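Structure first, then comments.
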Amino acid sequence: MALINENYLKLPGSYLFAEIGRRVAAFQNANPDAKVIKLGIGDVTQPLPGAVLEGLHKAVDEMADPSSFRGYGPEQGYAFLAEKIIAFDYASRGIELDTDEVFISDGSKCDTGNIQEIFGLDNKIAVTDPVYPVYVDTNVMAGRSGELGEDGKWSNIVYLPCSAENHFVPDLPQEKVDLIYLCFPNNPTGTTISKEELKKWVDYAKANKAVILYDAAYEAYIQEDDIAHSIYEIEGAKEVAVEFRSFSKNAGFTGTRCAFTIVPKEVMGYTRAGEAVPLNQLWNRRQTTKFNGSPYIIQRGAEAVYTEEGQKQIKDLVAYYMSNAKVIREGLLDLGIEVFGGVNAPYIWLKTPNNLDSWGFFDKLLKEAHLVGTPGVGFGPNGQGYFRLTAFGNKEVTEEAVERFQKLKL
Ligand code: PLP
């Protein structure tokens, strides 16, 4: 008899986006002429930068010629891309890395989801609340989460509340934790923390032999000075942190797929007997066994991000979305809505007016303004009473969305 991994049965259905789809479809059926604008899902809308397209085309042509054709590549990624990543994203900020500390992949979703495999089941994990759901669900699948309570929280996960009350800066946990997922700039709240605050987490991890899993998928959106682009800008972080980066949101790779994870050789996990083991060694073993590497063609496309043209084009792309963020942020502030994020991130997190719950506001927005966003409670219990809008739409649609907000009876 084939027994299943029963942890999968503990997972609630992917309720959030399914329920959004259901409500939008019902509305659209009842109102076939309504032009619904969607600022819900965090997917980009603008095409790939020209430099990337050129890199991709060239690589496609190489595959047509026996002398330049490539078959299986290194599972960790090609050195040509790892070297560019180190030079542009790390050495430029005074961070030294070796190419064997860079693991190129097909996405931060997979990497942030798979990383938990190299850790024991008895670790206590901590996540911010609200949170990107992948961190929680993959720990549920592994059997690390305990049971789901009526309050929407898993019994064996430590939740670090982030709300307007604490300015979206999580406090250090009261109880000892071993693995800490941090994401800054944050999805869904669009907020960040200062280097000083981040240092507290690095110090905590060092003092407790814990590991920080640092998701920096939105790093390119940072505009302000005192915010770390990499956790390795913080002293001591190379001993305790793994960092995830992606080309999805800075270069439009959500459909093209390329990302990377930094596992410095200094970061350690421990055996029960207390022996230190480099995580780099474990992740390398995991990737070489289970992953075939990101395609050569795609890695050449990602490499082109680091050309002079590519750098300019991705800056323009980020500026385009950040200009949308400003339009949304300022438009909503003018209406007296409490708004967070949207300054160093492409997400705007708003407090629902009149204390409506997240779904109540979703329905109101859909009915009165034909606008779709994401109910904050879908990202965790502490997201209740909040709502997320993305700046990834195109400019005209974003402007129209803000005009429609003015129709709301707030
Ligand atoms: N991490 C966060 C916080 C995200 O919001 C997303 C995508 O929305 C990802 C990771 C996934 O990135 P990728 O497209 O590289 O899988």
Hits in the stretch 380-410 (condition: open to solvent by less than 30 Å² (accessible area, probe 1.4 Å), within 30 Å of Val127 (Cα to Cα) and touching a residue at least 60 places away in the same chain (Cβ under 8 Å)) | Gly380, Gly383, Tyr386, Arg388, Leu389, Thr390, Ala391, Phe392, Gly393
Being in contact (Cβ under 8 Å) with a residue 60 or more places away in the chain and of a type in the set (A, V, I, L, M, F, W, C) is the filter; apply it to the stretch 341-358 and report the residue that is surrounded by the fewest Cβ atoms within 10 Å (Cβ to Cβ).
-> Val343
Among Asp137, Asp171, Asp151, the single one that is surrounded by 15 or more Cβ atoms within 10 Å (Cβ to Cβ), of a type in the set (D, E, K, R) and either out of contact with any strand residue (DSSP E or B) (no Cβ under 6 Å at 6 or more places or on another chain) or closer than 26 Å to Val343 by Cα (or both) is Asp137
Applying the selection to the stretch 231-247, what residues are assigned to a loop (DSSP other than H, G, I, E, B) and more than 15 Å from the ligand (Cβ to nearest atom)?
-> Ile234, Glu235, Gly236, Val240
Output for the stretch 83-132, where each listed residue is within 16 Å of the ligand (Cβ to nearest atom), assigned to a helix (DSSP H, G or I) and open to solvent by less than 20 Å² (accessible area, probe 1.4 Å) | Ile85, Ser108, Asp111, Thr112, Gly113, Ile115, Gln116
Inspect the stretch 2-13 for any residue being farther than 30 Å from Ser358 by Cα and either within 16 Å of the ligand (Cβ to nearest atom) or under 29 Å from the mean Cα position of the chain (by Cα) (or both) and give the result as yes or no.
-> yes
Take Asn250 and decide whether it is touching a residue at least 40 places away in the same chain (Cβ under 8 Å), open to solvent by less than 30 Å² (accessible area, probe 1.4 Å), closer than 27 Å to Thr307 by Cβ and not in a strand (DSSP E or B).
-> yes
The listed residue being open to solvent by less than 20 Å² (accessible area, probe 1.4 Å), assigned to a helix (DSSP H, G or I), of a type in the set (Val, Ile, Thr) and not assigned by TED's automatic domain parsing to the domain that holds Glu75, out of Val377, Val318, Val327 = Val318
Could you count how many residues in the stretch 28-82 are among the small types (Gly, Ala, Ser), in a loop (DSSP other than H, G, I, E, B) and assigned by TED's automatic domain parsing to the domain that holds Lys367?
-> 3
Selection count where residues are within 19 Å of Gln311 (Cβ to Cβ) and without any contact (Cβ under 8 Å) to a residue 24 or more places away in the chain, scope the stretch 84-101 | 3
For Gln46, all conditions in the list (1) in contact (Cβ under 8 Å) with a residue 60 or more places away in the chain; (2) more than 23 Å from the chain's Cα centre (by Cα); (3) open to solvent by 30 Å² or more (accessible area, probe 1.4 Å); (4) more than 29 Å from Glu266 (Cα to Cα) hold save one; what is the number of the exception?
-> (2)
Which one of these does Ala345 not meet: (1) closer than 21 Å to Leu160 by Cβ; (2) part of a helix (DSSP H, G or I)?
-> (2)
With criteria (1) surrounded by fewer than 24 Cβ atoms within 10 Å (Cβ to Cβ); (2) touching a residue at least 24 places away in the same chain (Cβ under 8 Å), Leu333 comes up short on (2)
When both residues are 6+ apart or on different chains and their Cβ atoms are under 7 Å apart, which pairs have a first residue that lies in the stretch 111-124 and is closer than 24 Å to Arg245 by Cβ, and a second that is among the acidic types (Asp, Glu) and within 14 Å of the ligand (Cβ to nearest atom)?
-> Thr112/Asp215
Only residues that are open to solvent by 50 Å² or more (accessible area, probe 1.4 Å) and either in the same structural domain as Ile314 (by TED's automatic domain parsing) or farther than 15 Å from Glu101 by Cβ (or both): list them for the stretch 253-275, please.
-> Gly255, Arg257, Tyr270, Thr271, Arg272, Ala273, Glu275
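The values are calculated or read from the model by the stated rules, or taken from the named source; none is laboratory data. Computed from a predicted model, the values in this text were never measured in an experiment. When we count neighbours, we look across all protein chains shown, and the Cβ atoms used for this are built from the backbone with ideal geometry, even at glycine. Quick note on the areas: whole protein, heavy atoms, side chains included, nothing else; ligands and nucleic acids left out. Shrake-Rupley method; radii C 1.70, N 1.55, O 1.52, S 1.80 Å.
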